1. HN-Hα J couplings of region 23-31 from phi, Karplus 6.51/-1.76/1.60, θ = phi - 60°, integer Hz, Gly and Pro as x?
2. How large is log10 I(q)/I(0) at q = 0.12, 0.15, 0.22 Å⁻¹ when the Debye formula is applied to the Cα atoms of region 53-184, each weighted equally and without solvent?
3. Roughly to the nearest percent, how much of the accessible area of the chain is carbon and sulfur, given a 1.4 Å probe?
4. As a test of the formula, what do you get for the chain when each DSSP H run with n ≥ 4 contributes -39,500 (n - 2.57) and the sum is divided by the residue count, at 222 nm and rounded to the nearest 500 deg cm²/dmol?
5. For Phe203 and Ile166, calculate 0.36 nm times their separation in residues minus their Cα-Cα distance, and state this gained length in nm to one decimal.
6. Suppose R0 equals 30 Å. What FRET efficiency, 1/(1 + (r/R0)^6) with r the Cβ-Cβ distance, do Leu118 and Ala221 give to the nearest 0.05?
7. Translational diffusion coefficient, Stokes-Einstein: compute it for the chain using the Kirkwood radius over C-alpha pairs as Rh, at 37 °C and 0.692 mPa s, and state it as an integer in µm² s⁻¹.
8. For Arg20, what residues show an amide H to amide H distance below 5 Å, using hydrogens built from the backbone and excluding near sequence neighbours?
Amino acid sequence: MTSSTLNAAPAGTTTTTPTRRVTDAPTRVFHWLFALCFTGAYLTAESEHWRLVHVTLGYTLAGLLAFRIVWGLVGPRQARLGLLLRKLSGLKPWLASARAGQFNGRQAQNLGMALAVLALMVAVVPLTLSGYATYNEWGGDLVGEVLEETHELFANGMLALVLGHIGLIALLSLLRRTNAARPMLTGRIPGAGPDLAQRNHGFVAALLIAAVVGFWLVQAAA
């Protein structure tokens, strides 16, 4: 009897590839709601007919950012903002190594993703503040015009960040021959070992969805 026969799975059984959970449900829900709201807000920016939708999605972006900050402070370890900052702490040593001719490509990819995520979160602050000021017509015509141009500038800048983020994911998928978007789709990646996200926290994700939908309904009824 050969070794391949000994290792073969019994007839009638199926084998599955082991996976590990690396991203919890609240983080994934935040990610996709964030993407949806920005896309919707950008597409409705120039339409007076869809002005309330644009404003509502802008407020939702600000609320989602607030949730992510809180979840990044009190949530599980793999969702903590401190973990993102620790990744970015490797930027200076990586630059020093690169200048010395020692280019770490994998670390460059990870740093690029971390920088893109942080930049997207930071960009929401001036984007939503300038939008709020423009909508409420702060400062008269001259100031209002400056605020509107500022809002448009940050919107276009954030669009560039979003496209860059998508491009990095596509590049990582190509270089690593895997779906780099998988953690934000299923929360899991192929491979044996313990889950980095030990709990999915589905109840928190459901509460987040309910809060967003509830806010949208209140805005629609106003």
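1. Once rounded to whole Hz, the list reads 9, 7, 4, x, 5, 5, 4, 4, 4.
2. Relative scattering, expressed as log10 I(q)/I(0), comes to -0.62, -0.88, -1.31.
3. Looking at the chain in its full context, I get 66 percent from C and S.
4. -24000 deg cm²/dmol
5. 10.5 nm
6. The pair Leu118/Ala221 has a calculated efficiency of 0.25.
7. After rounding, the answer is 162 µm²/s.
8. Amide H neighbours of Arg20: Ile189, Gly191.
The values are calculated or read from the model by the stated rules, or taken from the named source; none is laboratory data. Just so it is clear, the structure is predicted and the values come from calculations on it, not from any experiment. Positions of Cβ are generated from backbone atoms using ideal geometry, with glycine treated the same way; all protein chains shown enter the neighbour counts. Areas reflect the complete protein model, heavy atoms only, side chains present, ligands, DNA and RNA absent. Shrake-Rupley method; radii C 1.70, N 1.55, O 1.52, S 1.80 Å.
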